[in-house]
Amino acid sequence: MGFSRFLMNIRLKQSVKDLLYTKDSISSIAMKSRFPNTKSFADQIMS
């Protein structure tokens, strides 16, 4: 696993925690996790 994939996995794990345990919007969590938009965030979550 390369560094970029490793970093993506960390961001995704934190994003899932935020989705489960905060009342933040999906778009807010996506932006906080440095995804360019909610579609790319959703694509990564679903893959």
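Computed from the coordinates by the stated procedures, all read-outs in this text should not be read as laboratory data. Being a predicted model, the structure only gives us computed values, none of them experimental. Note that we place each Cβ from the backbone using ideal geometry, even for glycine, and neighbour counts take in every protein chain shown.
Does segment 19-29 hold any residues that are surrounded by fewer than 12 Cβ atoms within 10 Å (Cβ to Cβ) and touching a helix residue (DSSP H, G or I) at 6+ places or on another chain (Cβ under 8 Å), and which are they?
Scanning segment 19-29 gives a single hit, 22.
Any chance segment 33-42 includes a residue that's loosely packed, with under 12 Cβ neighbours inside 10 Å and not in a loop (DSSP other than H, G, I, E, B)? Yes, segment 33-42 contains at least one residue that is loosely packed, with under 12 Cβ neighbours inside 10 Å and not in a loop (DSSP other than H, G, I, E, B). Could you grab me the full set of residues in segment 1-18 that are part of a helix (DSSP H, G or I) and loosely packed, with under 14 Cβ neighbours inside 10 Å? Answer for segment 1-18, where residues must be part of a helix (DSSP H, G or I) and loosely packed, with under 14 Cβ neighbours inside 10 Å: 3, 4, 5, 6, 7, 9, 10, 13, 14, 16, 17.
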